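This report concerns only the one structure given below.
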């Protein structure tokens, strides 16, 4: 009886440990492929799974986005210059069963394969461009690289998210020459801008002086016209109103002002005082018969 209890306990413990050893948990960032005796058996989505220890084996595949560096390489451009090129590829395994299986059964090591494929594709693309064109058309190079990688990896169960061309560095001597050319072009543009600004300022000052001279000229013309008009009005008024008694009155006022403040009048010899005063007043004296 004790032997039967001991045997049952041993079997129970064995089954319990067997159950524990077969528990597998698949995280949301992974998908699993379960093989039985080396043959694909079933797909394992995120969650709890149990496999038969020693018979089943589960392979978990990361489905999150991964970045691989294509490693810097020397590429000869179309103008026979050695450019140092580096790029990055961002990709991920699709989360459906077919894609996960393809990433494991259709390609040996997709990360390693993508790096080499990206390097080869970059050599083919940049080899047809000049160094200047390659630097100015990075967007087109990225698009061409991404398109090629998508086509070549379509059976691997991968999604090529994006590609980024990190650098295209020319040889050191070429880079120095390019820097000098860029500096000279910038100095040329600055000199042209300065000359244009100086010319504009000089033209503005010239226009201001012209306007000022025209203003002075117009002011003098207006002043002369005003004075001429005033003289004309005085002359017309004198001709019209300064006649007869008005002239006599004006002469008397002149005499009155002359005799103010004990003013002295020099009278020629043998001249009558009445006649002098009359002449000062503008009155012709009456001659005696």
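Using packing as a proxy for protection, rank 69-81, 203-215 so that the peptide with the highest average count of other Cβ atoms within 10 Å comes first.
Descending mean neighbour count gives 69-81, 203-215.
I'd like to compare 190-202, 54-66: which one has the highest average count of other Cβ atoms within 10 Å, and what's the full order after that?
Order by mean packing, descending: 54-66, 190-202.
Pairs of alpha-carbon atoms within less than 8 angstrom and 6+ residues apart define the contacts here; what relative contact order does segment 66-170 have, in percent?
The normalised contact order for segment 66-170 reaches 42 percent.
So what's the projected area for segment 82-123, the Cα convex hull averaged over all directions, in nm²?
One quarter of the hull surface, i.e. the mean projection, equals 3.4 nm².
In what order do 33, 9 fall by count of nearby beta-carbon atoms within 10 Å, going from fewest to most?
Ranking 33, 9 by Cβ neighbours within 10 Å, fewest first, gives 9, 33.
Neighbouring Cβ atoms within 10 Å as the yardstick, rank 94, 217 fewest first.
217, 94
Of the listed peptides 11-23, 104-116, 154-166, what is their order by residue-averaged count of other C-beta atoms within 10 Å, with the highest listed first?
Put in order of decreasing packing, that is 154-166, 104-116, 11-23.
Computed from the coordinates by the stated procedures, all read-outs in this text should not be read as laboratory data. Keep in mind that this is a model prediction, so the values were computed, not measured. FYI the Cβ positions are ideal-geometry reconstructions off the backbone, even for glycines, and counts take in every protein chain you see.
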